[in-house]
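*Asks:* Below you will find the structure I want to go over with you.
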Amino acid sequence: MSQKKPGRNDPCPCGSGKKYKVCHASEDRARAAPSPTSGQTAVRDGLKSLESTDVSYLGVALDRLGKLLAEWGPGPGLRFDAEAFDKHVGQELARISEVETLDANQAHRELLVGTVKALATKSFLDRLAAVLRARSEESGLSAEDQRALRACAVIASAAKASSRLRPENNPILDVVFDVQFREWSTRHKEWLAKYDLLASGMSEGSLSDEARKALQQARDGDVDALVDYVKEDPGLAERIALEAKERAARVEAKLREPSTPPVFAPEEELWLTCVLWEPMQALKGLPQGAEPAQRREAVTALLRGVKGALDADFLAGMLDRMRQKSQDATVDEALRAWYADAAIAFEAEPARMLLAALLTARQEAQGRSAEEMVALADLKALTTWTPESFEPYRQLLFQMNLPASAERIQRCQEWLKTHPVALRAAAPE
């Protein structure tokens, strides 16, 4: 080990390849400190309650927590409030960028400290600890993952009980911030990629000097500058709207082709069937000569149901799959281009495009294993869906190590408690 103390985000001198903060930082602090602080005591007590007196285990637990948070994606209790985080980080980055004396590590630290001070309330820690504890009890996780989640839940509980432990020194909040900041950065890169694609499609040379300047500012990280310019330029806004309309038309036309793969995962298709069953049946059941007002009411109820079904996790999962397919070298080039178009179209108009996919797509979602295909066939053969009828499929998804998919099926079960789905009348005995 080097005698020079590394920064928290520097590679650990031990050669593990991990960041120093999640590898040997805790161990070095424990060795150097003459007596534990209140924060260290909370960490020690938390680990002792899990029969682990080795504080260095915290690095392992934090590393696993970071991987699990990234894998699960944004969810209730697992991130700072999204709107508050976006607003705070945007303002802080604008301020920090003006401080010429800060290097990258110092800027990151200042951003972390300011964010957790502003957003890491005691109620947030309460919720985080409860969610981590609940997640640790889910099946489908490895024993090490379960142990790491229990450790992090205990430490979060201990930390929020200690009024002398400052938020910026709480290692759990450090991990949450890092994961959420990476997601925030990715979203902004995606915005820039969309505008780059738009500019290339319209020929950047045809843009005005002001438009090119705004585009360059976006490439440098100031996406708001381009958004503001678009709002002020009716001509450019019209061209963007036309491009979006043409893209949506291409995507919908491809959806109607029998060879086009399904855009939904099996659990998403089941969720949509559960939530939209009643409004779909109401629309289909309208008499042929129904009054326009009656038909509009039925269509409005269906659209309302579609918007309700489109929670953040659903849309994020679907868009992520489309983007991965658009970069998959094993996929046909034309189909890759369609996936890229579909990701942009679905993100721009999620409710309308989802409804178009439901009404025009020719292929149903496919199981990811032979066992899953059998389970799906069994479900579709039933006359009525109840929470109990979905339980074998939920358990199978856990066994397949698909916790997010299993959680979606659990949502179906919650819905079916009050909205049982009668697929068809039972055959007479």
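The values are calculated or read from the model by the stated rules, or taken from the named source; none is laboratory data. Since the model is a prediction, treat every value here as computed from it, not as a measurement. All Cβ positions, even for glycine, are placed from backbone atoms using ideal geometry, and neighbour counts span all protein chains on display. Side chains are part of the model used for accessible areas, which takes the heavy atoms of the whole protein and leaves out ligands, DNA and RNA. Shrake-Rupley method; radii C 1.70, N 1.55, O 1.52, S 1.80 Å.
*Asks:* So Glu388 ticks every box in (1) under 16 Å from Pro262 (Cα atoms); (2) surrounded by fewer than 14 Cβ atoms within 10 Å (Cβ to Cβ); (3) out of contact with any Ser or Thr (no Cβ under 9 Å at 6 or more places or on another chain) but one. Which box is left unticked?
*Replies:* (1)
*Asks:* Is there any pair with a first residue in the stretch 88-99 that is within 14 Å of Thr115 (Cα to Cα) and a second that is polar (S, T, N, Q) and at pLDDT 70 or above whose Cβ atoms are under 6 Å apart and which are 6 or more apart or on different chains, and what are they?
*Replies:* Pairs found: His88/Thr115.
*Asks:* From the list Leu69, Leu78, which residue is modelled with pLDDT of 60 or more, of a type in the set (A, V, I, L, M), out of contact with any His (no Cβ under 9 Å at 6 or more places or on another chain) and not in a helix (DSSP H, G or I)?
*Replies:* Testing whether each residue is modelled with pLDDT of 60 or more, of a type in the set (A, V, I, L, M), out of contact with any His (no Cβ under 9 Å at 6 or more places or on another chain) and not in a helix (DSSP H, G or I) leaves just Leu78.
*Asks:* Could you give every pair whose Cβ atoms fall below 8 Å, whose first residue belongs to the stretch 410-423 and is under 15 Å from Leu272 (Cβ atoms) and assigned to a loop (DSSP other than H, G, I, E, B), and whose second residue is among the basic types (Lys, Arg) and modelled with pLDDT under 90, counting only separations of at least 6 or pairs across chains?
*Replies:* Leu423/Lys380
*Asks:* In the stretch 9-41, which residues are modelled with pLDDT under 75, farther than 17 Å from Val175 by Cα and outside any helix (DSSP H, G or I)?
*Replies:* Hits for the stretch 9-41 are Ala33, Pro34, Ser35, Pro36, Thr37.
*Asks:* I'd like the full set of residues that are closer than 23 Å to Ala357 by Cβ and either touching a strand residue (DSSP E or B) at 6+ places or on another chain (Cβ under 9 Å) or open to solvent by less than 60 Å² (accessible area, probe 1.4 Å) (or both), limited to the stretch 286-298.
*Replies:* Matches in the stretch 286-298: Leu286, Ala298.
*Asks:* Could you tell me whether any residue of the stretch 385-404 is among the β-branched types (Val, Ile, Thr), modelled with pLDDT of 90 or more and in a loop (DSSP other than H, G, I, E, B)?
*Replies:* Within the stretch 385-404, one or more residues are among the β-branched types (Val, Ile, Thr), modelled with pLDDT of 90 or more and in a loop (DSSP other than H, G, I, E, B).
*Asks:* Another question, if that's okay. Which condition breaks for Cys274 when tested against (1) at pLDDT 85 or above; (2) out of contact with any Cys (no Cβ under 9 Å at 6 or more places or on another chain)?
*Replies:* Status for Cys274: all satisfied but (2).
*Asks:* Just to be sure I understand the filter: pairs with C-beta atoms under 9 Å, separated by 6 or more residues or on different chains, first member in the stretch 320-337 and open to solvent by 50 Å² or more (accessible area, probe 1.4 Å), second member not in a helix (DSSP H, G or I). Which pairs pass?
*Replies:* Asp320/Gly73; Arg321/Val263; Arg321/Ala265; Lys325/Pro261; Lys325/Val331; Arg336/Gln327; Arg336/Asp328; Arg336/Ala329
*Asks:* For the condition basic (Lys, Arg), assigned to a helix (DSSP H, G or I) and closer than 20 Å to Trp415 by Cβ, what is the one hit in Arg250, Arg336, Arg296, Arg304?
*Replies:* Arg304
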